[in-house]
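As structure tokens, the structure follows; a few thoughts come after it.
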């Protein structure tokens, strides 16, 4: 299997950092903003790197650590267990978002998995890593065993509903344009701070805080 990544780790990091900075500037909670990360990531990939990409919502499971007796699995889904079987679904209250492009899956929230792991009560810290994998690498069930294993179950109806609800908003579209204009490929210099003004005269300053990724899932 060809493991040449779709995008470089530095480009991934810059996309993550820009979305993170914009969210912080809007007083949002980044690790709970997977939809914006995915919309911004897909938009930057399409407009700046000329890579066709789209946000996808649904159920998601990620194995973030493995010890001798258990696996720590982040779950973003509705899960029902009955007679030993597991039923997985997603809705507006229980879902995750990622980006799909050709044969690839990219999750721009992955560097923030540790925050979700802490909320889930996991004891082991989760490292800041890039998540960019081929679709064929995905497990065929949520029963994950190794760190880096993942299972995604797209929900097209939910995806359409979430995107329609957000993309009709001028403020969301403006923020996506800001993300795209701010981004520069890894071989070019990129501004570390940006100021934007609103119609009421309020000035918001946004600052890049590097995720400092050095590995991948």
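We did not get these values from a lab; they are worked out from the coordinates using the rules stated. Note that the structure is a prediction, hence the values are computed from the model and not measured. Glycine also receives a Cβ, built like all others from the backbone with ideal geometry; neighbour counts cover every protein chain displayed.
What number of residues within segment 136-169 are farther than 21 Å from residue 89 by Cβ, within 19 Å of the chain's Cα centre (by Cα) and part of a loop (DSSP other than H, G, I, E, B)?
Of the residues in that region, 2 qualify.
Restricting attention to segment 158-172, and to residues there that are surrounded by 12 or more Cβ atoms within 10 Å (Cβ to Cβ) and out of contact with any helix residue (DSSP H, G or I) (no Cβ under 8 Å at 6 or more places or on another chain), which single residue is nearest to residue 211 (Cα to Cα)?
Out of the qualifying residues, it is 159.
Working only within segment 116-135, note down all residues that are farther than 15 Å from residue 76 by Cα and either in contact with a helix residue (DSSP H, G or I) (Cβ under 7 Å, 6 or more places away or on another chain) or part of a helix (DSSP H, G or I) (or both).
The answer is 125, 126, 128, 129, 130, 131, 132, 135.
Scan segment 66-95 for residues that are more than 16 Å from the chain's Cα centre (by Cα) and surrounded by 17 or more Cβ atoms within 10 Å (Cβ to Cβ) and jot them down.
66, 72, 73, 88, 90
For the list (1) in contact (Cβ under 8 Å) with a residue 60 or more places away in the chain; (2) surrounded by 15 or more Cβ atoms within 10 Å (Cβ to Cβ); (3) farther than 24 Å from residue 9 by Cα, I need the number of the one condition that residue 126 fails.
Of the numbered conditions (1) in contact (Cβ under 8 Å) with a residue 60 or more places away in the chain; (2) surrounded by 15 or more Cβ atoms within 10 Å (Cβ to Cβ); (3) farther than 24 Å from residue 9 by Cα, the odd one out for residue 126 is (3).
Condition check ((1) under 14 Å from the mean Cα position of the chain (by Cα); (2) within 23 Å of residue 203 (Cα to Cα); (3) free of Cβ contacts under 8 Å to residues at least 12 places away in the same chain) across all residues:
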site	(1), (2), (3)
8	no, no, no
20	yes, yes, no
24	no, yes, no
31	yes, no, no
42	yes, no, no
49	no, no, no
64	no, no, no
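Which of the residues that make up segment 1-13 are in a helix (DSSP H, G or I) and surrounded by fewer than 24 Cβ atoms within 10 Å (Cβ to Cβ)?
Residues satisfying the conditions are 9, 10, 11, 13.
Of everything in segment 40-61 that's out of contact with any helix residue (DSSP H, G or I) (no Cβ under 6 Å at 6 or more places or on another chain) and part of a helix (DSSP H, G or I), which residue is surrounded by the fewest Cβ atoms within 10 Å (Cβ to Cβ)?
Per the criteria, the residue is 46.
I want to confirm something. Restricting to segment 186-209 and keeping residues that are in contact with a helix residue (DSSP H, G or I) (Cβ under 6 Å, 6 or more places away or on another chain) and under 30 Å from residue 150 (Cα atoms), which single residue is surrounded by the fewest Cβ atoms within 10 Å (Cβ to Cβ)?
186
Can residue 176 be described as more than 25 Å from residue 6 (Cα to Cα) and surrounded by 13 or more Cβ atoms within 10 Å (Cβ to Cβ)?
Numbers: more than 25 Å from residue 6 (Cα to Cα): no; surrounded by 13 or more Cβ atoms within 10 Å (Cβ to Cβ): yes.
Considered against the rule, which asks whether it is more than 25 Å from residue 6 (Cα to Cα) and surrounded by 13 or more Cβ atoms within 10 Å (Cβ to Cβ), residue 176 comes out as no.
Across segment 90-106, what is the total count of residues that are without any contact (Cβ under 8 Å) to a residue 60 or more places away in the chain and assigned to a strand (DSSP E or B)? Even if it seems obvious, please write down each step before you answer.
We begin by selecting, within segment 90-106, every residue without any contact (Cβ under 8 Å) to a residue 60 or more places away in the chain; these are 93-94, 100, 103, 105.
Narrowing the set further to residues that are assigned to a strand (DSSP E or B) leaves 94, 100, 105.
Count: 3.
Conditions (1) touching a strand residue (DSSP E or B) at 6+ places or on another chain (Cβ under 8 Å); (2) under 28 Å from residue 80 (Cα atoms), marked per residue:
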| site | (1), (2) |
| --- | --- |
| 119 | no, yes |
| 131 | yes, yes |
| 135 | yes, yes |
| 151 | yes, yes |
| 171 | no, no |
| 177 | no, no |
| 182 | yes, no |
| 186 | no, no |
